[in-house]
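Remarks on the structure that follows.
The values are calculated or read from the model by the stated rules, or taken from the named source; none is laboratory data. Source: prediction; values computed, not measured. Here Cβ is always computed from backbone atoms with ideal geometry, including for glycine, and neighbour counts include all displayed protein chains. The area values use the complete protein model at the heavy-atom level, side chains included, leaving out ligands, DNA and RNA. Shrake-Rupley method; radii C 1.70, N 1.55, O 1.52, S 1.80 Å.
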Amino acid sequence: MSDDLRTPLYDLHVELGAKMVPFAGYAMPVQYPMGVMGEHNHTRTAAGLFDVSHMGQVILSGASWDAVAQAFETLVPQDVLGLGDGRQRYGFFTNDAGGIEDDLMFARRGDDLLVVVNAACKGADIARMKAALAPSVTVTELADRALVAVQGPGAEAAVAALDARAADMRFMDVADLTLDGVDVWASRSGYTGEDGYEISVPAADAEALVRTLLAQDGVAPIGLGARDSLRLEAGLCLYGHDINTTTTPAEGTLMWAVQKVRRPGGDRAGGFPGADKALETPARKRVGLLPEGRAPMREGVAIYASETATDPVGHVTSGGFGPTVGGPVAMGYVNVDHTSTGTPLWGEVRGKRMPVQVAALPFVPANFKR
Amino acid sequence: MIFTEEHEWLREEDGEMVVGITIHAAEQLGDVVFVELPEVGTTVSKDDEIVVIESVKAASDILAPVDGEITEVNETLVDNPGKVNDDPQGEAWFFKMTVSDPSQLEELMDEAAYQKFIA
């Protein structure tokens, strides 16, 4: 653990009794004394506070918004140019084979683009952006900022108690707020399927702000364990598991995040890495998988079309217990002939075939403020 | 009560051993969400994997602490796996077994030795 990097909130995590584990090169809280199940349920019913400072925050700036947006569109299949000021989108970097190098959130802040990427990929992402976009676009990692998420039905009241403007934000809005005297950048988004905010705050102010947020009604610190079960129930991908360099956006069922203008026939179709392959009609697709029994089907479990079939038709990429669902939930890839909701399949757990059904995602309906 | 290095406890009852996992083990596992028990009548050898426990974090096994035969299993854990966290050294026993080689029990730890083992 001594080699692991620490976020600006490390000491606070330890003080709060967190169990710290190595994750993507950082020492991160996997759970607090409340426990994974309690933390999950607390986030769904009140509000959870997550330290996501390990993620990379990067600012892209250039001669104009159009110049920055057009440059970024050479790396992602999203409509960047059409993004309104103060709005955010989900996206991903693709590779020449059409696979996904990382998934990300990008937000327009005036003429600048704020990109938030996964911790495990941030070095490669920053190198990719610099190599492709410099010198006309300046790529700056904001290593001196922390990032915290406040998620759950109580998130709005908790954040709006510190700055009333928070309540006026809609899902995927970004805005400057002043929380307890600290100027922050907030987005109304997150990765739990709940309403909430992600708050970028100068590292030096992070601990004091988090203490203030934790003092609000119903706000509790939540670790990575519950973050994983929350995002799994919400049907959201974990990079490196549910999507990776070998899965295309079409296979990953992420076409909703590729706007029409960037698809074949659109005004700005193509022009990103692997454009000829990334959006092709796939032979396999990511689906929700609902085990019928109580046994969780975890990452790597092979999926078969029948109890006796020899060759698998797919595999689980994320799976575990969904506390809100009250049973096991999973997602994975299956051949397209078996992707209809309700299709009965079999997962092999410890040598035994167990029934599992293809299920619609998300498992728990999203609770966003649209 | 005696203890194994695999964090199981054994308690004698009517000439058989009742087996469960320790408070320490339950804490390490986190919230238990699934338990798969052996069949009554199964003959087991020491270190056979006979129970599967899944927590919110991961799957793990309970090993047979000694040689013997499974005589009873605690079916209430199948419907209510969370009991393992609530009362691991009491109501949430996993199975009862006969012991075919009592000398194997002598290799296990008493409470003081176990507390030292996990310290």
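Would you say A:Ala278 is in contact with a Phe, Trp or Tyr (Cβ under 8 Å, 6 or more places away or on another chain), surrounded by fewer than 20 Cβ atoms within 10 Å (Cβ to Cβ) and at negative phi?
Working: in contact with a Phe, Trp or Tyr (Cβ under 8 Å, 6 or more places away or on another chain): yes; surrounded by fewer than 20 Cβ atoms within 10 Å (Cβ to Cβ): no; at negative phi: yes.
The answer is no for A:Ala278.
Can you tell me how many residues in region B:43-65 are more than 14 Å from chain A (Cβ to nearest Cβ) and touching a residue at least 24 places away in the same chain (Cβ under 8 Å)?
Final tally of qualifying residues: 6.
Inspect all residues belonging to region A:29-50 and state whether any of them is under 19 Å from the mean Cα position of the chain (by Cα) and part of a loop (DSSP other than H, G, I, E, B).
Within region A:29-50, not a single residue is under 19 Å from the mean Cα position of the chain (by Cα) and part of a loop (DSSP other than H, G, I, E, B).
Within the group A:Ser340, A:Ser306, which residue is in a loop (DSSP other than H, G, I, E, B), away from chain B (no Cβ under 14 Å) and open to solvent by less than 60 Å² (accessible area, probe 1.4 Å)? Write out each step before concluding.
Values: A:Ser340 fails: open to solvent by less than 60 Å² (accessible area, probe 1.4 Å).
Testing whether each residue is in a loop (DSSP other than H, G, I, E, B), away from chain B (no Cβ under 14 Å) and open to solvent by less than 60 Å² (accessible area, probe 1.4 Å) leaves just A:Ser306.
I'd like to know if region B:66-83 contains one or more residues that are away from chain A (no Cβ under 14 Å), within 30 Å of A:Gly300 (Cα to Cα) and small (Gly, Ala, Ser).
No, that holds for no residue.
Filter region A:304-321 down to residues that are in contact (Cβ under 8 Å) with a residue 40 or more places away in the chain and either under 12 Å from A:Val349 (Cβ atoms) or touching a Phe, Trp or Tyr at 6+ places or on another chain (Cβ under 6 Å) (or both), then give me how many there are.
Residues meeting the conditions: 3.
On the given criteria, is B:Lys116 over 18 Å from A:Ala295 (Cβ atoms) and under 14 Å from the mean Cα position of the chain (by Cα)? Break it down into steps so the answer makes sense when it comes.
Details: over 18 Å from A:Ala295 (Cβ atoms): yes; under 14 Å from the mean Cα position of the chain (by Cα): no.
No, not satisfied.
Within region A:3-28, count every residue that is under 25 Å from B:Ala26 (Cα atoms), under 20 Å from the mean Cα position of the chain (by Cα) and either within 14 Å of chain B (Cβ to nearest Cβ) or open to solvent by 10 Å² or more (accessible area, probe 1.4 Å) (or both). It would help to see each step written out before you state the result.
Step one: list which residues in region A:3-28 are under 25 Å from B:Ala26 (Cα atoms), which gives A:13-23, A:27-28.
Next, only the ones that are under 20 Å from the mean Cα position of the chain (by Cα) stay: A:21-23, A:27-28.
Subsequent filtering for residues that are either within 14 Å of chain B (Cβ to nearest Cβ) or open to solvent by 10 Å² or more (accessible area, probe 1.4 Å) (or both) retains A:21-23.
Summing the residues that are under 25 Å from B:Ala26 (Cα atoms), under 20 Å from the mean Cα position of the chain (by Cα) and either within 14 Å of chain B (Cβ to nearest Cβ) or open to solvent by 10 Å² or more (accessible area, probe 1.4 Å) (or both) in region A:3-28 gives 3.
Which of the residues that make up region A:95-143 are among the acidic types (Asp, Glu), touching a residue at least 60 places away in the same chain (Cβ under 8 Å) and part of a loop (DSSP other than H, G, I, E, B)? Talk me through it step by step, then tell me what you get.
Residues of region A:95-143 among the acidic types (Asp, Glu): A:96, A:101-103, A:111-112, A:125, A:141.
Retained after the next criterion (residues that are touching a residue at least 60 places away in the same chain (Cβ under 8 Å)): A:96, A:101-103, A:125, A:141.
Scanning region A:95-143 gives a single hit, A:Asp96.
Look at region A:264-303 and say how many of its residues are free of Cβ contacts under 8 Å to residues at least 60 places away in the same chain and assigned to a loop (DSSP other than H, G, I, E, B). Steps first, please.
Narrowing region A:264-303 to residues free of Cβ contacts under 8 Å to residues at least 60 places away in the same chain: A:264-267, A:269-270, A:281-286, A:294-303.
Checking which are assigned to a loop (DSSP other than H, G, I, E, B) leaves us with A:264-267, A:269-270, A:281-283, A:294-301.
Total satisfying the criteria: 17.
Limited to region A:270-299, what total is found for residues that are among the small types (Gly, Ala, Ser) and under 22 Å from A:Asp102 (Cβ atoms)?
The total comes to 5.
Does A:Gly48 count as open to solvent by 10 Å² or more (accessible area, probe 1.4 Å) and closer than 30 Å to A:Thr212 by Cα?
No, not satisfied.
Checking the condition away from every other protein chain (no Cβ under 14 Å), at pLDDT 95 or above, open to solvent by less than 20 Å² (accessible area, probe 1.4 Å) and under 15 Å from A:Ser187 (Cβ atoms), which residue from A:Gly84, A:Gly91, A:Gly98 passes?
Numbers: A:Gly84 fails: open to solvent by less than 20 Å² (accessible area, probe 1.4 Å); A:Gly98 fails: under 15 Å from A:Ser187 (Cβ atoms).
From the options A:Gly84, A:Gly91, A:Gly98, the qualifying one is A:Gly91.
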